[in-house]
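Visitor: So that we are looking at the same thing, I have put the structure below in structure tokens.
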Amino acid sequence: MDINQIRKLLPHRYPFLLVDKVVESVPGERLVALKNVTINEPFFQGHFPIRPVMPGVLVLEGIAQACGLLAYESVEEHPQGNPLFYLVGYDKARFKRRVEPGDQLHLEVSLLRVRRGIWVFAGKATVNGEVAAEAEVMCTMRDAEF
């Protein structure tokens, strides 16, 4: 899935779209996406000017966006209106490695379960095979009510 297909599914836009490409997808099971981290990212101006580090919350957001893509590909029947997957929460979030300019984030997510409208995913962000962050991500689908 290229950036144009991603933009059709996710409502995020620059500077908040944190998925550049999907390299693997098995609807209902798993998805692997990429985020190329460049020095041109606006958050690097202030985080941190001496040694740029991608904020951990944005690494988690990239994982959540990959979960949203997997959810969109996995839903059997798209509802009428403007359905969006909204983030409900994170559990077991851990940060293990800095993410810096020049890194390529591999965002690996898998669907654990769907219960009472809550989708639960296991997510992991890696750089060169090293875990940068991991978490369980919960979301739910609602109409955007535009």
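Visitor: Name the pairs whose Cβ atoms lie under 6 Å apart, with the first residue in the stretch 22-40 and under 15 Å from Arg98 (Cα atoms), the second among the charged types (D, E, K, R) and modelled with pLDDT of 95 or more, and 6 or more positions between them or separate chains?
Guide: Partner pairs satisfying both residue conditions: Lys35/Asp20; Asn36/Asp20; Val37/Asp103.
Visitor: Regarding Leu107, is this residue surrounded by 14 or more Cβ atoms within 10 Å (Cβ to Cβ), among the aliphatic types (A, V, I, L, M) and modelled with pLDDT under 95?
Guide: When the stated conditions are applied, Leu107 does not pass them.
Visitor: Go through (1) under 18 Å from Leu31 (Cβ atoms); (2) free of Cβ contacts under 8 Å to residues at least 40 places away in the same chain and name the single condition Val137 misses.
Guide: Only one criterion in (1) under 18 Å from Leu31 (Cβ atoms); (2) free of Cβ contacts under 8 Å to residues at least 40 places away in the same chain is unmet by Val137, namely (2).
Visitor: So, in the stretch 6-17, exactly how many residues are closer than 20 Å to Pro83 by Cα and in a loop (DSSP other than H, G, I, E, B)?
Guide: Count: 6.
Visitor: Wholly within the stretch 24-123, which strands (runs of 3 or more DSSP E) include no fewer than the required count, namely at least 3 residues that are farther than 23 Å from Lys8 by Cβ?
Guide: Result: 83-95, 104-115.
Visitor: Same structure again: Consider the stretch 78-102. How many of its residues are closer than 27 Å to Asn128 by Cβ, surrounded by fewer than 17 Cβ atoms within 10 Å (Cβ to Cβ) and touching a residue at least 60 places away in the same chain (Cβ under 8 Å)?
Guide: Residues that pass the stated criteria total 3.
Visitor: Being among the hydrophobic types (A, V, I, L, M, F, W, C) and surrounded by fewer than 17 Cβ atoms within 10 Å (Cβ to Cβ) narrows it down to one of Val59, Val75, so name that one.
Guide: That would be Val75, the only listed residue that is among the hydrophobic types (A, V, I, L, M, F, W, C) and surrounded by fewer than 17 Cβ atoms within 10 Å (Cβ to Cβ).
Visitor: Scan the stretch 63-77 and report the pairs whose first residue is in contact (Cβ under 8 Å) with a residue 24 or more places away in the chain and of a type in the set (A, V, I, L, M, F, W, C) and whose second residue is part of a helix (DSSP H, G or I) and crowded, with 16+ Cβ neighbours inside 10 Å, with Cβ atoms within less than 9 Å and a gap of 6+ or a chain change.
Guide: Leu69/Ile6; Leu69/Leu9
Visitor: Are any residues in the stretch 110-146 among the hydroxyl-bearing types (Ser, Thr, Tyr) and in contact with a Lys or Arg (Cβ under 8 Å, 6 or more places away or on another chain), and if so, which ones?
Guide: Step one: of the stretch 110-146, the residues among the hydroxyl-bearing types (Ser, Thr, Tyr) are 110, 126, 140.
Correct list: Ser110 only.
Visitor: Out of the stretch 1-23, which residues are surrounded by 12 or more Cβ atoms within 10 Å (Cβ to Cβ) and of a type in the set (D, E, K, R)?
Guide: Arg7, Asp20, Lys21
Visitor: If you take the residues of the stretch 110-146 that are touching a Ser or Thr at 6+ places or on another chain (Cβ under 8 Å) and farther than 29 Å from Val37 by Cα, which of them is surrounded by the fewest Cβ atoms within 10 Å (Cβ to Cβ)?
Guide: In this case the residue turns out to be Gly117.
Visitor: Which one is farthest from Arg30 (Cα to Cα), of the residues in the stretch 47-83 that are among the small types (Gly, Ala, Ser) and within 14 Å of the chain's Cα centre (by Cα)?
Guide: Looking at residues that are among the small types (Gly, Ala, Ser) and within 14 Å of the chain's Cα centre (by Cα), I get Gly56.
Visitor: Using the structure shown, decide if Val32 is surrounded by 16 or more Cβ atoms within 10 Å (Cβ to Cβ) and either under 21 Å from Glu134 (Cβ atoms) or of a type outside the set (S, T, N, Q) (or both).
Guide: yes
The values are calculated or read from the model by the stated rules, or taken from the named source; none is laboratory data. Keep in mind it's a predicted model, so treat the numbers as computed, not measured. Glycine also receives a Cβ, built like all others from the backbone with ideal geometry; neighbour counts cover every protein chain displayed.
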